[in-house]
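Let me begin by presenting the structure, written as structure tokens, before commenting on it.
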Amino acid sequence: QVQVVESGGGLVQPGGSLRLSCAASGNIESITTMDWYRQAPGKRRELVASITRTGITNYAPSVKGRFTISRDNAKNTASLQMNSLKPEDTAVYYCAADLRFQGWATRDSPVYPIDYWGKGTLVTVSS
């Protein structure tokens, strides 16, 4: 079992920055990839960023160059630094822990069964 808790969401103006944090606990050694997903009303669940245990990162085209994911294996934390935020970034952001070895396309599918994820933290980008 893995427990995941997100924090750091809030209201920010367009062009601003926000940093989300994720704390994982439990069977940490079984985690292969830490992910950040987001979902806005009326839209599908979107895989935003991922990072493997060895530090390999990938990003959705919509956030590449603006968002940065990082991971501290010793502290069991993952962060998402979000810069140059846009109104379309408004969503509930979820941190997820994946125990399997799946590619981006598979994990980005709306029917992909996420192993463990938190309750989410709301990010609102508005003036």
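The values are calculated or read from the model by the stated rules, or taken from the named source; none is laboratory data. Keep in mind it's a predicted model, so treat the numbers as computed, not measured. All Cβ positions, glycine included, derive from the backbone under ideal geometry; neighbour counts span all protein chains shown. Calculation scope for accessible area: heavy atoms of the full protein, side chains included, ligands and nucleic acids excluded. Shrake-Rupley method; radii C 1.70, N 1.55, O 1.52, S 1.80 Å.
Quote to one decimal, in nm, the extra length available between ARG100 and THR54 on full extension: 0.36 nm per residue of separation minus the C-alpha distance between them.
Going from the current span to full extension adds 15.1 nm.
Net charge near THR77: determine it from the other residues with C-beta under 12 Å of the C-beta of THR77, scoring Lys and Arg +1 and Asp and Glu -1.
Its environment carries a net charge of +1.
Among bridges DSSP assigns within region 1-92, what percent are antiparallel (round to 5)?
Around 95 percent antiparallel, to the nearest 5.
Can you tally the net charge around GLU88? Count Lys and Arg as +1, Asp and Glu as -1, for every other residue whose Cβ sits under 12 Å from the Cβ of GLU88.
+2
Give me the 1.4 Å probe accessible area per residue for the chain, excluding ligands and nucleic acids, in Å².
So the chain comes to 51 Å² accessible per residue, rounded to a whole number.
Using helices alone, what [θ] at 222 nm do you get for the chain, with -39,500 (n - 2.57) per DSSP H run of 4 or more residues, divided over all residues and rounded to the nearest 500?
After summing the helix terms and dividing by residue count, I get -1000 deg cm²/dmol.
Of all accessible surface on region 24-70 at a 1.4 Å probe, what whole percent is carbon and sulfur?
54 percent
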